[in-house]
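**Q** Here it is: the structure, laid out below.
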Amino acid sequence: MEFISLLQYSAPVALAAIGEIVVQQSGVIDIGLEGSMLVGSYFGMLTCLATHNPWLGLGAAILAALLLTLLFGVFTVLLAADQVVVGTAVNLFAMGLTSALFRSKFGGTMQLISIPRLGAYHGIDLIMVGMLVSVPAVWYLMRRTAWGLAVRSCGEYPKSAEAAGFSVYKLRLQALAIGGLFAGLSGAYLSLVIAGSFAENMTAGRGFVAIAMVTFGRWKPHFAFLAALLVGFADSLQYRFQTYGWHVPFQLMIAMPYIVALAVLVLVGKGTAAPGALAQPYRMDK
């Protein structure tokens, strides 16, 4: 059960990181990942509350995150806008939208909402199983399929993919769609599995941590997953210390996952070989 608990703490970051690997290998860095996770978390909760069906909530979470991610793609891929600027705007939009909708519907009194959670068997839920399966599946997709090779070509040297007859725009949007799917699962996991509720800014920076874990994991899903387990362990320390009766400032425990993420980037980030065209807008020669 200890390992299952660790998987639960790690799942939001791990899911987002696995999807972000596909996105970054196409040459796009989705700075708006945090916002996509947040809208997924909110609309998943809202749909589950309205229908009393967490599976419909899961579908709504995926759809909301997918739409926002593709909106990011329209500006960054099709219009070749700066990915950092657009991603920051997406995050601010998502934070403002979910906060405004939440307060307009539930008031500003931090009302605790209780919704049906996704079912689990001995702590193992379907999203967790999907996460474990997705690690080898994404590795196979990116390393052993023609589509994965084409996507990696887009991330290294887009003109070579275009010369081979592939559309860089389509491949990058397809990669973003996969990233949006995983962002929706990640956001839904927070509201529909872990909390059974929603709070403003519920993602609390996990999207940025996931991006850091992609770099730490050398753009390989199994390494990024292991890195997410490390962050999940750091996140669980605040509850473990409470169980042991150790009096540690809770602010330090809340900050611990982000301290760990920053530390691994400083210690391991040097020498990482990012995709050659990462964050570089592509414009097809006329």
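**Q** For the range 91-114, name all the residues that are among the aliphatic types (A, V, I, L, M), at pLDDT 90 or above and surrounded by 14 or more Cβ atoms within 10 Å (Cβ to Cβ). Break it down into steps so the answer makes sense when it comes.
**A** Initially, the range 91-114 is screened for residues among the aliphatic types (A, V, I, L, M), giving 92, 94-95, 97, 100-101, 110, 112-113.
Cutting the leftovers down to at pLDDT 90 or above gives us 92, 94-95, 97, 100-101.
Within the range 91-114, Ala94, Met95, Leu97, Leu101 qualify.
Yes/no per residue for (1) within 21 Å of Ala60 (Cβ to Cβ); (2) β-branched (Val, Ile, Thr):
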| residue | (1), (2) |
| --- | --- |
| Val168 | no, yes |
| Phe182 | yes, no |
| Ser186 | yes, no |
| Tyr189 | yes, no |
| Ala195 | yes, no |
| Gly205 | no, no |
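**Q** Among the residues of the range 201-234 satisfying the criterion of being among the β-branched types (Val, Ile, Thr) and part of a helix (DSSP H, G or I), which is surrounded by the most Cβ atoms within 10 Å (Cβ to Cβ)? Reasoning before the result, please.
**A** Applying the first criterion (among the β-branched types (Val, Ile, Thr)) to the range 201-234 yields 203, 209, 211, 214-215, 231.
Keeping just the survivors that are part of a helix (DSSP H, G or I) gives 209, 211, 214-215, 231.
Working: Val209: 26, Ile211: 23, Val214: 30, Thr215: 21, Val231: 27.
Only one residue tops the list, namely Val214.
**Q** Name the pairs: first residue in the range 186-199 and without any contact (Cβ under 8 Å) to a residue 60 or more places away in the chain, second residue buried (at least 24 other Cβ atoms within 10 Å of the Cβ), Cβ to Cβ under 9 Å, at least 6 apart or on different chains?
**A** As it stands, the answer is Ala195/Ser41; Ala195/Met45, since those pairs meet every condition given.
**Q** Here is a follow-up. Please tell me if Phe250 is surrounded by 13 or more Cβ atoms within 10 Å (Cβ to Cβ) and either hydrophobic (A, V, I, L, M, F, W, C) or modelled with pLDDT of 75 or more (or both). Explain how you work it out, then say what you get.
**A** Values: surrounded by 13 or more Cβ atoms within 10 Å (Cβ to Cβ): no; either hydrophobic (A, V, I, L, M, F, W, C) or modelled with pLDDT of 75 or more (or both): yes.
The answer is no for Phe250.
**Q** When the residues of the range 56-110 are filtered to those that are polar (S, T, N, Q) and under 19 Å from the mean Cα position of the chain (by Cα), which remaining residue is farthest from Gly205 (Cα to Cα)? Spell out how you get there, then give the answer.
**A** Start the filter on the range 56-110 by keeping residues that are polar (S, T, N, Q), which leaves 69, 76, 83, 88, 91, 98-99, 104, 109.
Checking the rest, the ones that are also under 19 Å from the mean Cα position of the chain (by Cα) come to 69, 76, 83, 88, 91, 98.
Working: Thr69: 17, Thr76: 22, Gln83: 18, Thr88: 13, Asn91: 10, Thr98: 15 Å.
Restricting to residues being polar (S, T, N, Q) and under 19 Å from the mean Cα position of the chain (by Cα), the top hit is Thr76.
**Q** Also, quick follow-up: Could you look through the range 138-193, keep only residues that are out of contact with any Lys or Arg (no Cβ under 9 Å at 6 or more places or on another chain) and among the charged types (D, E, K, R), and pick out the one that is nearest to Ile115 (Cα to Cα)?
**A** Arg172
**Q** May I ask you to list the residues in the range 54-89 that are of a type in the set (Gly, Ala, Ser) and free of Cβ contacts under 8 Å to residues at least 60 places away in the same chain?
**A** Here is the first cut: in the range 54-89, the residues of a type in the set (Gly, Ala, Ser) are 57, 59-61, 64-65, 73, 80-81, 87, 89.
Hits for the range 54-89 are Gly59, Ala60, Gly87, Ala89.
**Q** For the range 38-47, does any single residue satisfy the condition of being touching a residue at least 60 places away in the same chain (Cβ under 8 Å) and in contact with a Pro (Cβ under 7 Å, 6 or more places away or on another chain)?
**A** no
**Q** Only one residue in Leu237, Leu173 is surrounded by fewer than 23 Cβ atoms within 10 Å (Cβ to Cβ) and either over 29 Å from Val74 (Cα atoms) or not aliphatic (A, V, I, L, M) (or both), so which one is that?
**A** Of Leu237, Leu173, the one residue that is surrounded by fewer than 23 Cβ atoms within 10 Å (Cβ to Cβ) and either over 29 Å from Val74 (Cα atoms) or not aliphatic (A, V, I, L, M) (or both) is Leu237.
**Q** Of all residues in the range 126-170 being surrounded by fewer than 14 Cβ atoms within 10 Å (Cβ to Cβ) and basic (Lys, Arg), which is farthest from the chain's Cα centre (by Cα)?
**A** Looking at residues that are surrounded by fewer than 14 Cβ atoms within 10 Å (Cβ to Cβ) and basic (Lys, Arg), I get Arg144.
**Q** How many residues are of a type in the set (Val, Ile, Thr) and modelled with pLDDT under 95 if we restrict to the range 169-197? Write out each step before concluding.
**A** Within the range 169-197, the first condition is being of a type in the set (Val, Ile, Thr), and the residues that meet it are 178, 193-194.
When the remaining residues are screened for being modelled with pLDDT under 95, the result is 193-194.
Qualifying residue count for the region: 2.
The values are calculated or read from the model by the stated rules, or taken from the named source; none is laboratory data. Fair warning: this is a prediction, and the values are worked out from it, not measured in the lab. Every residue, glycine among them, receives a Cβ derived from its backbone with ideal geometry; neighbour counts consider all protein chains shown.
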